[in-house]
Amino acid sequence: MGSISDSSAQKKRMRDYGLSYGIFKTGTFNAITDVKGVSVGHVTLNQKEDMRTGVTAILPHQGNIFRKKVPAAIYLGNGFGKLAGYSQVKELGNIETPIILTNTLSIAAALDGLITYTLSQPGNENVRSVNGVVGETNDGSLNNIRARYVKPEHVLQAIADAKGGPVEEGCVGAGTGTICFSWKGGIGTSSRVLPENLGGYTIGVLVQTNYGGILEICGVEVGKNLGEYSYRKSVEAQAKTEEAKKGDGSCMIVVATDAPVDARQLERMAKRAFMALAKTGSFASNGSGDYVIAFSACPENFIEGEEAHTFKVLDNDQMGPLFAATVEATCEALWNSLFAAETTKGFNGYEVKALPVEKVVEMIKKR
């Protein structure tokens, strides 16, 4: 098995540099784990010269997820991807396994691990169908993706290691080999807590960033100002160049909340998370697989075999604050993935630099 690295991510996040975003307060950890019951585990595979990949597991609650299914929705922003489990979530409106993030060619291994995990849970002895949810981005520039280093046991380990509290970000887990806006991407997370007079609910987001575009942070055209953005050579040369895929890549976004919302409302929240992707400078290019998985960790709405279900569901008029908080938390999670990542050298000697954080901070503060 690969190593789990504790030193591959920067210690600082966006707020550590005095930068904040939005109007709502963050949760205690400013992470998806601020949603009660949610836990995150990473397995980082970072060995030799060509292994730069991993697995990230998100658990909606600590019980038997197959037995206590959670309301969920998946929104396809741009479907150039290999996300597993979509059709059943769309049809039934719930998730019955942990959510796994990994690389493009490891979907099968991740599903194998999820199936093994689910079948092994007490109470699942007669289970003969498992709808595993696995998202991916392609880390094939820094990682020898054809070697398929991720194995089912890595998925089992990530699930077993999942915990609440602070979440490690940057070059860890499924973000070990990812690239974002031509700089090193990775795992990022953030949260927002609504004031009591708006419901007091928590919204947490975790992302795996591997996409392109023209980076913006807090409204500042960072990528343009640094001279690193999609189609730069074509624009400067005023002629056709070989940059057709410069903006390609993918992004996985996982949204969690403790609000009592159903699958339809969760899809509406997921759409707002995709709006946040645009606020960071993404234009969801042709080859970008951009997906949002949203679930509710409200225990009152867990489904456990009843013939009829009585859901507690917010009125539509109460959804606005949740939408706003989703946009804020997603934006900050995306930016945190860049702030936390470090320069990485990998497959065939390819090196991706970290975002020049000090320059970026100065640029934003001068605004």
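The values are calculated or read from the model by the stated rules, or taken from the named source; none is laboratory data. Note that the structure is predicted; figures quoted are calculated from it, not measured. Glycine gets a Cβ as well: all are built from the backbone with ideal geometry, and neighbour counts include every protein chain shown. Please note that ligands, DNA and RNA were not included when accessible areas were found on the heavy atoms of the full protein model with its side chains. Shrake-Rupley method; radii C 1.70, N 1.55, O 1.52, S 1.80 Å.
Residues in the chain average 41 Å² of solvent-accessible surface per residue, probe 1.4 Å, ligands and nucleic acids excluded.
Calculated mean residue ellipticity, 222 nm, the chain: -7500 deg cm²/dmol, from DSSP H runs (n ≥ 4) at -39500 (n - 2.57) each, averaged per residue and rounded to 500. Pair-distance distribution of the chain: all C-alpha pairs, bin width 20 Å, starting at 0; shares per bin in whole percent are 33, 58, 9, 0. Here r is the Cβ-Cβ distance between Glu342 and Asn286 and R0 is 25 Å; the resulting FRET efficiency, rounded to 0.05, is 0.25.
When DSSP beta bridges are restricted to pairs lying wholly in the chain, around 75% turn out antiparallel. Only Lys, Arg, Asp and Glu carry charge here, each on its Cβ (+1 for the first two, -1 for the last two); on that basis segment 22-76 has a dipole of about 320 debye about its Cα centre. Summing Lys and Arg as +1 and Asp and Glu as -1 over all other residues whose Cβ lies under 13 Å from the Cβ of Glu49 gives a net charge of +1.
A simple spin-label model places pseudo-atoms 7 Å from Cα toward Cβ; at Lys353 and Lys224 they are separated by 2.1 nm.
Over the Cα atoms of segment 101-175, the radius of gyration divided by the Kirkwood radius equals 1.01; this is the Rg/Rh ratio.
In plain terms, the chain from Tyr17 to Tyr231 could stretch by 74.1 nm, reckoned as 0.36 nm per residue minus the Cα-Cα distance. Surface composition of the chain: carbon and sulfur make up 48 percent of the accessible area, probe 1.4 Å. Dipole magnitude for segment 31-169: about 300 debye, using +1 per Lys or Arg Cβ and -1 per Asp or Glu Cβ, origin at the Cα centre.
With Cα atoms as the point set, the radius of gyration and Dmax of segment 293-344 evaluate to 17.0, 53 Å.
Scaled against 2.2 N^0.38 Å for its residue count N, the alpha carbon radius of gyration of segment 180-337 is 1.21.
Each DSSP beta bridge with both residues in segment 94-246 is either parallel or antiparallel, and the antiparallel ones are about 70%. Comparing Asn143, Asn124, Asn46 in a Gaussian network model of the chain where C-alpha atoms under 10 Å apart are linked, the largest mean-square fluctuation is found at Asn124. This model, with +1 at the C-beta of Lys and Arg and -1 at the C-beta of Asp and Glu, gives the chain a dipole about its Cα centre of some 780 debye. Which pairs break 22 Å Cα to Cα here: Lys36/Lys312; Lys184/Lys359; Lys184/Lys345; Lys271/Lys359? Pairs exceeding the cut-off: Lys271/Lys359. Relative contact order for the chain: 25 percent, from Cα pairs under 8 Å spaced at least 6 residues apart, divided by residue count.
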